[in-house]
Structures are given as structure tokens and as C-alpha cells.
């Protein structure tokens, strides 16, 4: 059984979370510059068995695609070209950034630590992954 990897894709940064091999526990992995994302994934896939990639699907409150969907679709094409053997699924990511911020508050992180946008992205990816695992 391979890991499941979740991406909270952004135009500047992408948060990444991953499961254990048994697909039980979701953990934040890191945040990388989106421009370096494909290279990061190639390196990660060479070391770890990843069976599924989850990509957040940003939607408006009326269920229509958000503006960032265009960039995500372009990335998905590149991802499919580079890793045709990897299965890709989309997961509704509405409110994940707010949930990530609240998680930081609930965890007792100081205000300065909560301003770390890379950490918010990583936690958001973890929330996306958890929502998939526990659906």
C-alpha cells in the first residue's frame, strides 16, 4: 500500500501533507515554492511509494470554481505528463485556510508564528488529506 499525498496548491507556495504507508495518519510534510513543486515531487516519488495525489479544489460559496482553478488545471496537466502512473483526485478545500488558522490558535501558537503562511499552507494540506481519509 502506498502513501497518499495531498497538495494545497497556490500560485506562490504549495502545502504538502502525506499519510503513512497504511494510510491511517495524515501529517504535514512541508511547504515548497510552487515553481519548485514538480522537482520536489520527482525527488519525493523516487524515495517514497505514493499511490494517490489529492489536489485541493477551491470553490466559491455558490459551488462554482474559484479564480485559482485555472492555475491548478495547468498544474494538473503538467503533473499528468510528468507522472502518468499517478492517480489524481480532487478534494473540496473550502474553509481549509480558516480551519488551519484556527488550528494554529487552538495549538497555542503565538501571533508571530501564526503569520507564517507556509505553515498555514502545510496545515491546510493536512486538513485536505484528513477530510479525504475520514469521509
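General remarks:
- Per residue, the average separation of C-alpha pairs within less than 8 Å and at least 6 apart gives the chain a relative contact order of 34 percent.
- Share antiparallel - DSSP beta bridges, the chain, percent rounded to 5: 50
- Rounded to 5, the percent of DSSP beta bridges in region 1-54 classed as antiparallel: 75
- D by Stokes-Einstein for region 85-129, Kirkwood Rh over Cα pairs, 25 °C, 0.890 mPa s: 218 µm²/s.
- Label-point gap, in nm, between residue 78 and residue 98 - each point 7 angstrom along Cα→Cβ: 3.0
- Sorted by Cβ neighbour density within 10 Å, fewest at the top, the residues 126, 103: 103, 126
- Residues residue 135 and residue 51, FRET efficiency given R0 of 22 Å [Cβ-Cβ distance, rounded to 0.05]: 0.80
- Square roots of five times the Cα gyration tensor eigenvalues for region 6-91, Å: 21, 15, 13
Bear in mind that the values in this text are calculations on the coordinates, not laboratory data. Just so we're clear, the structure is a prediction, and the values are computed from it rather than from any experiment. Cβ sites come from the backbone with ideal geometry, for glycine too, and all protein chains shown count toward neighbours.
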